[in-house]
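The values are calculated or read from the model by the stated rules, or taken from the named source; none is laboratory data. These numbers were taken from a predicted model, which means no experiment stands behind them. FYI the Cβ positions are ideal-geometry reconstructions off the backbone, even for glycines, and counts take in every protein chain you see.
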Amino acid sequence: MTSTADLVCRDLTKDFKDFRAVDHVSFEVPNGSFFSILGPSGCGKTTLLRMIAGFQFPTSGDLLIKGKSMIGVGPNKRPVSMVFQHLALFPMMNIGKNVGFGLRQRGVAEVEIKTRVGRILERVGLPGIQDRSVDQLSGGQKQRVAIARCMVLEPDVLLLDEPLGALDLKLREHMKIELKTLQAEFNTTFVYITHDQSEALVMSDNIAVMNNGRFDQIGTAEELYYEPSNAFVAGFVGDANRFDGKVARVDGQIVSIITDGGAEMRGKATAGVPAMGQRAQVFIRPEAIALSKDPVQTADHMNTGEWIVDSVLFNGANSLVILRHPKSGETIQATLPQTGTFKGLSKGQTVHTSWAPEQARCFATEGQ
């Protein structure tokens, strides 16, 4: 264990009868960092968070906070606090009582509680609201109150279980920035659970991608996005087009596959080069695909093609075009440049694509 790790999990497992929810997970979270656990529903991330909080105990393995094992230590004895998705604010209490609830449970004097509550509300940008009721607050204000209620206890680790899931899209986008700002302000270790890759990418210092009870990869947002360790990470983190087929040619790390629709696609294999004839997948990001109205003249190794416009999904700078291959029928999504070059592009028109194999990733199909 490093001396700067607030949280260390060593070979943690959690079994429920004949089902293993968490399968030999190990990781460290440095002091004062924002660590996200990203994965689909049912992958085990909430079970892992509940073990860190002390609501469940692991079947095997060890869990340390500030160098001390938490095995057998109840949730009320751990230096952690938890923010839930639905916040769990008490509607019968005003804001001051809500924020000071944990301190009151600990037997802290009322005078000190009042001082600490006032100070923490100022730090989350909500000074002087102690006497307001919960239903007088907006969704974002309730979120900050829930964080204040945790942070007033001065935890070593703050656990957040999909806390933005119940917010509308615009407020959720705003709260991503707010949460990251608050984490930096308090310099407290945040462990954040989410299935939303955008939340994890924007806020985190490091992200663990969880799948079927295991961590497939731990890294920065850029590492996960540009250098995924396997096909699951490539497909789950960010948007990506996927093509399935058989390996037809191998040139170093550059692999050519003939897709199931009969098209040829090339990608770079960074996690083991699949063999000739083996099933493989190629992933390419929509923004890596260059569009042209005319046939593309490039080197032989480039991926090029002629496609028919299936639909245009206009969303300002995030606009996409869905293209269909005229022979294979396969579809691909490409980012639509907002230069005006493709203004008026519509269904049925022909466009040409190109991208370098180094911009795509190729992985052997698991189980083959």
- Message: Please determine whether any residue of region 236-244 is within 22 Å of Ala5 (Cα to Cα) and surrounded by 16 or more Cβ atoms within 10 Å (Cβ to Cβ).
- Response: no
In the set Val309, Val282, Val296, the lone residue that is surrounded by 15 or more Cβ atoms within 10 Å (Cβ to Cβ) and more than 33 Å from the chain's Cα centre (by Cα) is Val296
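Residue-wise test of (1) closer than 20 Å to Glu28 by Cα; (2) modelled with pLDDT under 90.
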position: Thr59; (1), (2): yes, no
position: Leu63; (1), (2): yes, no
position: Lys66; (1), (2): yes, no
position: Ser81; (1), (2): yes, yes
position: Leu87; (1), (2): no, yes
position: Asn94; (1), (2): no, no
position: Val99; (1), (2): no, no
position: Gln105; (1), (2): no, yes
position: Ile113; (1), (2): no, no
Only one of Asp62, Asp135 is surrounded by fewer than 17 Cβ atoms within 10 Å (Cβ to Cβ), part of a strand (DSSP E or B) and out of contact with any His (no Cβ under 8 Å at 6 or more places or on another chain), namely Asp62
**Check on Val152, touching a strand residue (DSSP E or B) at 6+ places or on another chain (Cβ under 8 Å), among the aliphatic types (A, V, I, L, M) and farther than 18 Å from Asn31 by Cβ** = no
Exercise for review: Consider Gln105 carefully, then state whether it is more than 23 Å from Leu164 (Cα to Cα) and either surrounded by fewer than 17 Cβ atoms within 10 Å (Cβ to Cβ) or β-branched (Val, Ile, Thr) (or both).
Suggested key: yes
- Looking at Thr47, is it crowded, with 18+ Cβ neighbours inside 10 Å and within 26 Å of Val233 (Cβ to Cβ)? yes
**OP:** Answer yes or no: is there a residue in region 344-354 that is in contact with an Asp or Glu (Cβ under 9 Å, 6 or more places away or on another chain), touching a residue at least 60 places away in the same chain (Cβ under 8 Å) and among the charged types (D, E, K, R).
**Re:** no
Reported set for region 1-49 where residues are of a type in the set (Val, Ile, Thr) and touching a Cys at 6+ places or on another chain (Cβ under 7 Å) is Val25
Leu48 passes all but one of the listed conditions (1) within 18 Å of Asp161 (Cα to Cα); (2) free of Cβ contacts under 8 Å to residues at least 12 places away in the same chain; the exception is number (2)
**Residue match in region 206-220 (condition: among the charged types (D, E, K, R) and closer than 30 Å to Val273 by Cα)** = yes
Contact list, first residue from region 140-169 and among the basic types (Lys, Arg), second anywhere and part of a helix (DSSP H, G or I), beta-carbon distance below 7 Å, six or more apart or interchain, is Lys142/Val134; Arg149/Asn98; Arg149/Val99; Arg149/Phe101; Arg149/Gly102
For Ser36, the lone unmet condition from (1) under 20 Å from Lys180 (Cα atoms); (2) within 19 Å of the chain's Cα centre (by Cα); (3) surrounded by fewer than 18 Cβ atoms within 10 Å (Cβ to Cβ); (4) polar (S, T, N, Q) is (3)
